[in-house]
Amino acid sequence: MMSEPIATPVLDFAIIGIQKGGTTALHRFLSSHPQIFLPEPKELHFFNSDGATDWAVPDYRKLEAHFAKVPREARKGEATPAYIFHPHALSRLRAYNPAAKLITVLRDPVERAYSHWRMERTRQAETLDFPEAIRAGRLRVAENPARFSYVERGFYAAQIERLLALFPAEQCLFLTTDDLKTDHIPTLSRVWRFLGCDETAAAPEPQMIRPLLSDETLAPLSDCDRGYLRALYREDIHRVAALIGRDLDGWG
């Protein structure tokens, strides 16, 4: 049984997803705003911690210690992109602060899957080539959901539906990686407005943004693998577009 929301929650907002979607860049951009505080390291992993916290009687002191010396008036947030994929993280966050504002950065799921695989490969945590990892390799997801969920994390519709069942739509902001790449000034103005911050704050220069959102080191995705993933995601992308009110025809 979840505890009652605490009287004065410290955390005002969270960037909850998606992994390999551009959340590191957004964290950097938000940290530059004088009215916003996000702790380092970027990902606190508090609400998706299954073993370290008794969620029947959660102790929020570990979370709130990151904000102990922050001015009361600052907008306090954190960025853990695993939250939207985790089955319980959002309900735990709601139990802590049902008024929290939540930001999700969505990326073309085909590109996201490839970037995720490349990250694990670089870490030497993945031995399978990409074609096998996204086919037979999916059987390993139960073994390690965080590592091997290249394909599964890209089915956004169910994750968004879970989010919107817990939080009202006006507390949820959906961006895309392309918003940050190609339209960053108006996109950041939307974020400032969503968080109730000064919209006149200077946005980062484009030369700061490109390296944070670049996957230029990736070899091209094969037509075969792209087509395979595009077919898997096609119906889900239509559902996502309807849920967030965006044209996503360019994905896949």
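Things worth noting here:
- Of the peptides 29-42, 121-134, the ranking by mean beta-carbon count within 10 Å, highest at the top, reads 29-42, 121-134.
- Sorting 79-86, 140-147 by average packing, meaning the other beta carbons within 10 Å per residue, from highest down gives 79-86, 140-147.
- Expected 222 nm ellipticity per residue - DSSP helices of 4 or more, -39500 (n - 2.57), all of the chain, to 500: -11500 deg cm²/dmol
- Long-range amide H partners of Phe167 with built H, under 5 Å: none
- Environment charge of Thr176, counting only residues whose C-beta is closer than 10 Å and scoring Lys/Arg +1, Asp/Glu -1: -1
- Cα-based Lys pair tally, the range 13-244, threshold under 16 Å, eight or more apart or on separate chains: 6
- Residues whose amide H falls under 5 Å from that of Lys101, counting only those 5 or more places apart or on a different chain, are Phe13, Ala14, with hydrogens built in the peptide plane.
- Extending 7 Å from Cα along the Cβ direction at Arg138 and again at Tyr60 yields two label points whose distance is 3.9 nm.
- Per-peptide average of other Cβ atoms within 10 Å, ordering 231-244, 176-189, 44-57 highest first: 176-189, 231-244, 44-57
- Each 10 Å bin, from zero up to the one with the longest distance, holds this percent of the alpha carbon pairs of the range 98-177: 17, 42, 27, 14, 1.
- Cα Rg over Rh - the range 13-244, Kirkwood: 0.96
- Working note: Karplus 6.51/-1.76/1.60 with θ = phi - 60° gives the range 79-89 the couplings 10, 10, x, 6, 4, 5, 8, 5, x, 10, 4 Hz, where Gly and Pro are set to x.
- Using the alpha-carbon positions of the range 64-145, Rg (one decimal) and Dmax (whole number) come out as 17.3, 51 Å.
- Each residue, Ala231 and Glu73, gets one label point 7 Å from its Cα in the Cβ direction; the gap between the two is 5.9 nm.
- ³J(HN,Hα), Karplus 6.51/-1.76/1.60, whole Hz, each residue of the range 129-143, x for Gly, Pro: 5, 4, x, 6, 4, 8, 10, 4, x, 5, 5, 8, 4, 4, 5
- Rounded to the nearest 20 debye, dipole of the chain from Cβ charges on Lys, Arg, Asp, Glu: 260 debye
- Across the range 160-167, rounded Karplus estimates of 3J(HN,Hα) from the backbone phi angles (6.51 cos²θ - 1.76 cosθ + 1.60, θ = phi - 60°) give 5, 4, 4, 4, 6, 6, 9, 10 Hz, Gly and Pro being marked x.
- Positive-pole candidate from Ile244, Gly51, Asn97, dipole of the chain, charges at beta carbon: Gly51
None of the figures in this text is laboratory data; all of them are computed from the coordinates on show. Every value quoted in this text rests on a predicted model; they were computed, and no experiment measured them. Cβ: placed from backbone, ideal geometry, glycine included. Neighbour counts: every protein chain shown.
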